[in-house]
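Report on one structure; see the data block that follows.
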Amino acid sequence: MPMTIIEKILARASGQKSVGPGDLVDVDVDTVVLFDSSFFPVDWRDVLKVFDPDKLVVAFDHRIPAPNRACAEAQVTGRAFVKRFGIKRFHDVGYDQGIAHVIAAERGYALPGTVLVCQDSHTGSAGALNCAARGIGAPDMIYAATTGKAWFEMCPTVRYDLRGTLKPGVVTKDVFLHLAGNYGDHTGTNIEFGGPGLTGLSISARRTIATMGTELNAEFSTFEPDDVLFDYMKARTAAPFHPQYPDADAKYLERRTIDLGAMEPLVALPDGVIRNTVPVNEARGQHVDQAFIGSCANGNLEDLAIAAAVVAGRRVAAGTRLIVTPGTQEIYRQAMKAGYVETLMNAGAVVTNATCGACGGGHLGILGSNEVCITASTRNYKGRMGDPSARIYMASPATVAASAIAGVITHPGEFLAMGAPS
Amino acid sequence: MIDLHTTLRGRVWKFGDSVDSSQLSGGSHTSSDGGDNLKGTCLTSLRPEFSREVQPGDVLVAGDNFGCGSARTSAVHALHACGIAAVLAESISRIYLRNSIALALPIFVVPGITKLAEDGDTLEINYTDGVVRNTKSGNTLPVARLPGSVEKIYQAGGIAQVIASELAARGIVPD
């Protein structure tokens with residue numbers, strides 16, 4: 001039976017010739033990722049055994065360095081767990097620190113054609129690496145860490161063929177906002193990305209889309225493998241992997257073509273992204289108290305680069321604060337070397353350590369009552385980043401940086417050479 | 001343990017589409033909080049009276065994508081803290097569904113449920129017969145049988161108990 005990418009990966013992982021929509025599959029898991037929140041007493045159990053310590057990754061990310069005693073205690077528990085089972089791939093506060101999903105890519109832990117699970121909802125991020133990756137919640141994550149197994153219900157797949165090239169100043173966050181606004185939610189379906197337009201997209205740019213697949217309510221988001229991916233993997237790991245391509249006659253629920261050259265900067269209005277996006281100029285002029293750039297979706301080096309290009313030689317508006325949180329300390333170091341951190345700080349941005357931080361309303365930028373935020377992160381649900389009365393707009397790092405400079409929601413074309421604003 | 005075969009009768013609290021986990025358990029009330037805090041803020045952004053008036057045994061009816069957003073288990077613990085006996089929704093976000101099963105909160109995908117019940121109605125859920133009935137209108141909808149592996153998790157009282165018994169069967173027990 002012809003198969004899509006995700007069907008091929010999960011058929012292999014479950015030891016079957018083929019799988020298709022409606023099947024419940026039991027798979028062997030290749031990588032299990034834990035983070036600091038995994039070790040809160042409410043979720044954590046005294047684990048007696050792990051199936052294979054070398055298949056586990058522990059990356060503290062949600063609340064680091066610990067902002068309160070409960071978080072500090074969870075990290076004490078996590079460090080003891082790492083020590084007890086001899087887990088080598090441990091990313092504690094320090095040099096190797098970073099957001100687990102960014103680490104999984106940056107360190108070459110997420111291998112093409114393999115299965116990766118984590119409790120966190122944005123685990124689908126590794127789908128950019130041709131990996132069957134998704135969040136499964138804390139209890140099922142403990143089951144996977146203990147037994148090496150997970151189950152999935154197979155769903156039909158929607159295929160997106162990408163063509164053309166993004167215009168300067170337009171990024172894959174805008175592509176995601178286009179999908180959310182135009183096609184709405186993808187509940188009960190997988191998403192597959194391929195086509196000639198992939199060539200022009202870096203792995204980080206693809207990860208932004210794969211991460212945000214969660215916000216489309218997709219099951220698995222998976223990208224076709226190509227030379228960009230193989231070069232990325234070769235630079236990071238010698239571990240064997242098994243890239244999977246879709247069969248030419250694979251069955252899709254629907255097949256849609258996206259012309260990347262036609263994409264424009266978009267913004268999602270508060271409280272959700274589904275069918276809730278407009279061109280930036282339609283929200284233009286809305287005052288913002290806080291502008292945030294970070295998270296597993298937008299804490300990449302190129303996100304910091306475009307933000308720096310927008311703010312270079314300018315100052316964040318009075319009455320507005322710009323917070324920038326790199327995805328990993330490695331990205332932070334690279335951004336320092338490239339001069340982005342200096343440019344951002346000279347503009348008045350606060351550059352924090354790598355963490356999930358403000359994205360989840362955890363720390364380092366929580367919103368107060370009735371504040372307005374524009375964010376290049378993962379979610380804009382009511383209350384997501386702090387007080388439920390705060391209003392959160394979502395956009396690309398370029399649009400967020402431009403809005404921080406102007407103090408109001410602003411098209412990045414006002415500060416970046418990218419052609420006339422639409 | 002949860003006996004799915006015990007017939008449930010509960011008053012309906014009805015919500016719309018895409019009730020996300022931030023509304024069930026808000027940003028500042030996540031994993032590190034206890035049950036009281038979770039109950040006090042649960043769904044109050046959508047229905048301010050919910051946490052005050054909800055009674056043990058009530059049932060929650062919702063539209064599409066129930067539980068979307070963050071994977072936080074506190075979004076399930078919050079409904080436990082409110083005494084919600086079961087969730088019935090048009091569709092349920094995958095991680096919320098997994099967490100509910102793993103934490104033994106009865107949860108059912110029932111297409112058409114938002115048309116079967118209005119807020120304040122009473123629903124009778126008979127899992128054994130595979131039927132949910134509105135006691136006022138008498139109208140019914142089918143409730144699909146869950147896979148055996150999922151029934152086993154409810155019987156055990158959650159996935160943690162399943163893990164413990166699978167390990168115990170291999171001779172791996174706490175010191």
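With the requirement that a residue be touching a residue at least 40 places away in the same chain (Cβ under 8 Å), within 22 Å of A:W151 (Cβ to Cβ) and among the β-branched types (V, I, T), what does the range B:98-129 give you?
Of everything in the range B:98-129, just one residue is touching a residue at least 40 places away in the same chain (Cβ under 8 Å), within 22 Å of A:W151 (Cβ to Cβ) and among the β-branched types (V, I, T), namely B:I101.
Filter the range B:65-122 for residues that are basic (K, R) and more than 22 Å from B:K152 (Cβ to Cβ) and give the result.
Of everything in the range B:65-122, those that are basic (K, R) and more than 22 Å from B:K152 (Cβ to Cβ) turn out to be B:R72, B:K115.
Can you tell me which residues in the range A:308-351 are within 18 Å of the chain's Cα centre (by Cα) and in a loop (DSSP other than H, G, I, E, B)?
A:T325, A:P326, A:G327
Conditions (1) at pLDDT 95 or above; (2) under 16 Å from the mean Cα position of the chain (by Cα); (3) in a strand (DSSP E or B); (4) not assigned by TED's automatic domain parsing to the domain that holds A:H178, marked per residue:
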residue	(1), (2), (3), (4)
A:N353	yes, no, no, yes
A:C373	yes, no, yes, yes
A:R379	yes, yes, no, yes
A:T399	yes, no, no, yes
A:S403	yes, no, no, yes
A:S422	no, no, no, yes
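Scan the range A:151-171 and report the pairs whose first residue is closer than 28 Å to A:V32 by Cβ and whose second residue is of a type in the set (S, T, Y) and modelled with pLDDT of 95 or more, with Cβ atoms within less than 7 Å and a gap of 6+ or a chain change.
Filtered contacts from the range A:151-171: A:C155/A:T189; A:P156/A:T189; A:T157/A:T4; A:T157/A:T189; A:T157/A:Y252; A:V158/A:T189; A:V158/A:Y252.
Of all the strands (runs of 3 or more DSSP E) wholly in the range B:68-175, which have at least 3 residues that are over 16 Å from the mean Cα position of the chain (by Cα) and more than 9 Å from every other protein chain (Cβ to nearest Cβ)?
Qualifying strands (runs of 3 or more DSSP E): B:131-134, B:140-142.
Could you tell me whether the range A:286-301 includes any residue that is surrounded by fewer than 24 Cβ atoms within 10 Å (Cβ to Cβ) and within 15 Å of A:A105 (Cα to Cα)?
yes
Might you check whether a residue that is part of a strand (DSSP E or B) and either assigned by TED's automatic domain parsing to the domain that holds A:P139 or more than 20 Å from A:T123 (Cβ to Cβ) (or both) occurs anywhere in the range A:3-25? Lay out the reasoning, then the answer.
Our first condition is that a residue be part of a strand (DSSP E or B); within the range A:3-25, this holds for A:24-25.
Applying the additional criterion that residues be either assigned by TED's automatic domain parsing to the domain that holds A:P139 or more than 20 Å from A:T123 (Cβ to Cβ) (or both) yields A:24-25.
Yes - at least one qualifying residue is present in the range A:3-25.
Restrict the check to the range B:120-140 and report whether at least one residue is at pLDDT 95 or above, within 13 Å of B:H5 (Cα to Cα) and in contact with a Lys or Arg (Cβ under 7 Å, 6 or more places away or on another chain).
Just the residues of the range B:120-140 that are at pLDDT 95 or above, to begin with: B:120-140.
Adding the requirement that they be within 13 Å of B:H5 (Cα to Cα) leaves B:124-132.
The next check asks that each one be in contact with a Lys or Arg (Cβ under 7 Å, 6 or more places away or on another chain); those that pass are B:124, B:130.
Yes.
Conditions tested, residue by residue: (1) farther than 25 Å from A:A150 by Cα; (2) at pLDDT 95 or above; (3) crowded, with 24+ Cβ neighbours inside 10 Å.
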| site | (1), (2), (3) |
| --- | --- |
| B:V61 | yes, yes, yes |
| B:G69 | no, no, yes |
| B:S74 | no, no, yes |
| B:Y96 | no, yes, yes |
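Could you pull out the residue among A:T222, A:T237, A:T187, A:T214 that is β-branched (V, I, T) and surrounded by fewer than 20 Cβ atoms within 10 Å (Cβ to Cβ)?
Details: A:T222 fails: surrounded by fewer than 20 Cβ atoms within 10 Å (Cβ to Cβ); A:T187 fails: surrounded by fewer than 20 Cβ atoms within 10 Å (Cβ to Cβ); A:T214 fails: surrounded by fewer than 20 Cβ atoms within 10 Å (Cβ to Cβ).
After ruling out the rest, the residue left standing is A:T237.
Restricting to the range A:144-187, give me the number of residues that are outside any loop (DSSP other than H, G, I, E, B), within 14 Å of chain B (Cβ to nearest Cβ), of a type outside the set (D, E, K, R) and closer than 26 Å to A:K251 by Cβ.
Residues that pass the stated criteria total 4.
For A:Y381, are the conditions met, namely being under 28 Å from B:D20 (Cβ atoms), out of contact with any Leu (no Cβ under 9 Å at 6 or more places or on another chain) and either of a type in the set (D, E) or surrounded by 19 or more Cβ atoms within 10 Å (Cβ to Cβ) (or both)?
It is true that A:Y381 is under 28 Å from B:D20 (Cβ atoms), out of contact with any Leu (no Cβ under 9 Å at 6 or more places or on another chain) and either of a type in the set (D, E) or surrounded by 19 or more Cβ atoms within 10 Å (Cβ to Cβ) (or both).
The values are calculated or read from the model by the stated rules, or taken from the named source; none is laboratory data. Quick caveat: nothing in here was measured; it's all calculated off a predicted structure. Using ideal geometry, Cβ is built from the backbone for each residue, glycine included, and neighbour counts are taken over all protein chains shown.
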